[in-house]
Amino acid sequence: MKIQANKYAILYAWVLIFMLAGCKVRKPKNVISENKMENLLYDYHIAKALGENLPHTENYKKTLYIEYVFRKHNTTEAVFDSSIVWYSRHADILSKIYERVGKRLKVEQTEIDNFIAIRDHKPKISAWGDSIDLWLLDRMILLTGNPLNNKLTFAIPSDSNFKARDTIQWNMYYYFPDARLDSTEFALMCMAIQYAKDSVISKTNKVYESGLHNIRIQADTLGSIKEIRGYVYYPGGKDSVRHLLANHISLMRYHSNDSLFLEKADTLETKNDTPEAAPGKSEEKQMEEQPILLPERVNPDELKRKGERPRPARKSETTKEIILK
């Protein structure tokens with residue numbers, strides 16, 4: 001019984017294999033394979049892009065670029081066209097190929113932008129988010145005591161996505177191969193930020209041990225950032241033969257989410273007792289509208305007392321009062 005059950009299991013497996021093989025799309029022999037087609041399309045679209053940027057007098061180079069791609073992949077334009085026709089009939093396969101080609105082109109474009117930014121010392125515009133990594137150089141470096149390879153420097157100018165009160169944090173993981181270091185062996189990590197009003201804030205750290213180290217700078221009242229620069233210097237110790245490995249390098253920019261209130265300057269305000277003229281009315285008109293105050297009526301005795309003046313004191317009386325005091 002066991003032998004018969006095994007026979008049925010084997011037969012069922014073979015039937016399943018044949019069914020899957022029959023469902024698989026069969027590609028004609030003259031059609032370019034998927035891997036080769038991916039590489040060919042990658043170079044083909046790069047050649048097309050190069051041809052579009054040519055001046056009108058050099059349009060003949062467009063054909064030369066395409067012919068070079070076909071020779072590189074050992075094929076012809078006719079084979080390429082017929083293969084495109086077949087892949088167009090199987091859109092699911094072609095879409096997967098173009099998806100891989102698009103990812104490769106995107107990575108290539110990012111690397112080219114980074115190289116241009118490093119060459120011109122003007123990095124591409126940073127992203128607009130609140131927490132963005134601005135680092136464009138290698139994520140891992142190896143420094144030695146050799147004067148030709150003992151320092152890493154960078155300078156990044158600001159762009160339209162920088163804001164006032166941004167916080168900049170430079171992170172780096174250091175690894176010293178020798179765990180026991182003397183007092184003369186250390187790495188010097190420095191970062192400075194120059195602001196629009198030419199104010200500069202800088203911080204310097206001495207790194208004596210392996211691990212994650214960072215520098216963080218924020219200025220609340222110095223305005224927008226003009227440039228970020230920094231360096232790592234490693235002298236290499238007494239013998240100058242040791243080396244330092246640094247990786248996981250990042251330069252983070254954080255936007256400030258709180259609000260900063262500045263106190264107003266003290267001022268001496270003077271009040272004018274004279275009422276201001278109402279807009280749209282002349283002074284004569286306003287005088288007419290002022291209420292008329294009538295004098296208070298008094299009886300003759302009060303009027304007589306108000307009209308009397310105080311009698312000046314005699315000289316003798318004044319002297320007498322002074323002596324009594």
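Side notes on the structure shown:
- Cβ-derived FRET efficiency at R0 35 Å, R104 paired with T204, nearest 0.05: 0.25
- HN-Hα J in Hz across the stretch 191-204 - Karplus 6.51, -1.76, 1.60, θ = phi - 60°, x for Gly and Pro: 9, 9, 10, 9, 9, 4, 8, 6, 7, 10, 10, 9, 9, 10
- Rg ratio for the stretch 131-254: its Cα radius of gyration over 2.2 N^0.38 Å, N being its residue count, equals 1.12.
- Taking amide H as placed 1.01 Å from N in the peptide plane, the amide H of S210 sits under 5 Å from that of F176, each at least 5 places away or on another chain.
- Residues M140 and A196, FRET efficiency given R0 of 35 Å [Cβ-Cβ distance, rounded to 0.05]: 0.55
- Per-residue Karplus couplings for the stretch 47-56, computed as 6.51 cos²θ - 1.76 cosθ + 1.60 with θ equal to phi - 60°, are listed in order as 5, 4, 5, 5, x, 5, 8, 6, x, 5 Hz, Gly and Pro entered as x.
- K36/K226 FRET efficiency (R0 51 Å; Cβ-Cβ; nearest 0.05): 0.50
- Residues with amide H under 5 Å from that of G236, placed H, sequence gap 5 or more: F186
- Stretched out straight at 0.36 nm per residue, the stretch from I46 to Y68 would grow longer than its current Cα-Cα span by 6.8 nm.
- Computed extension gain for N257 through V79, at 0.36 nm per residue and net of the alpha carbon distance, reaches 58.2 nm.
- 5 angstrom amide H check on F154, placed H, neighbours 5+ away: G230
Only the coordinates and a few stated rules stand behind these numbers; no lab work does. Here the structure is a predicted model, which is why all the values come from computation and not from measurement. Quick reminder, even Gly has a Cβ in these numbers, built from the backbone with ideal geometry, and neighbours come from all protein chains shown.
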